[in-house]
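Worksheet: the structure to be examined is printed underneath.
Just so it is clear, none of the values below were taken in a lab; they were calculated from the coordinates. Being a predicted model, the structure only gives us computed values, none of them experimental. Positions of Cβ are backbone-derived with ideal geometry, glycine not excepted, and every protein chain shown enters the neighbour counts.
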Amino acid sequence: MGEQGQRFARPQLIRFSHCDPAGIVFYPQYLVLFNQLVEDWFNEGLRVPYAQMIGERRIGLPIVRLDCDFRAISRMGETVTFGLSVMRAGGKSLSLAVDCRGGDGELRVRAQKVLVFTDLDTHQSRAIPCDVRRALQPFVAAHEAA
């Protein structure tokens, strides 16, 4: 197995707005939180402003494939950790592994998602921009970076 790239992680307080009436995270909210994690990764991990990429540069990043496993519940008031690793950086797409873990490291949710870079004016796929590809390198496994 190849060497792993860097992992990006952020703590997240589970809020009332994330939960159903039972006080546990309503499962679609994990997808919203995973998307926020990707935005944070662009802004803080890659240092590529996400709002600028979408707005000024007109580059979109829609999910074209998503696979989720829900393992354990998360409750309102808990602080969990959301993490992201790059599984593959292709010519026009990124395959990411994202997860949510409790304070004790227990896996709550994990997902694999494929994001495709698109031109927001034509809605056609496009190559990963050069600045994004450079910024990705620390996060890509050694065998993928070659």
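Remarks
- Considering only Gly5, Gly91, Met53, and ranking their Cα positions along the charge dipole of the chain that arises from unit charges at the beta-carbon of Lys, Arg, Asp and Glu, the one farthest toward the positive end is Gly91.
- Highest mean packing comes first when the peptides 130-136, 93-99 are listed by Cβ atoms within 10 Å, giving 93-99, 130-136.
- With a cut-off of 13 Å between beta carbons, the residues surrounding Leu84 carry a summed charge of +1, where Lys and Arg count +1 and Asp and Glu -1.
- Degrees separating the helix 28-40 axis from the principal Cα axis of the chain, which is the longest one: 50
- Listed residues Pro28, Pro129, Pro62, most fluctuating in the chain (Gaussian network, C-alpha, under 10 Å): Pro28
- Using only side-chain charges placed at the Cβ, +1 for Lys and Arg and -1 for Asp and Glu, the dipole size of segment 8-139 relative to its Cα centre rounds to 320 debye.
- The convex hull drawn around the Cα atoms of segment 8-139, when projected onto a plane and averaged over every direction, covers 8.2 nm².
- R0 of 25 Å, Cβ-Cβ distance Arg133-Gln36: FRET efficiency to nearest 0.05: 0.60
- When each of Ser74, Ser17 is scored by the number of other beta-carbon atoms lying within 10 Å, the sequence from fewest to most is Ser17, Ser74.
- Ranked by how many other Cβ atoms sit within 10 Å of their own Cβ, fewest first, the residues Lys92, Lys113 fall in the order Lys92, Lys113.
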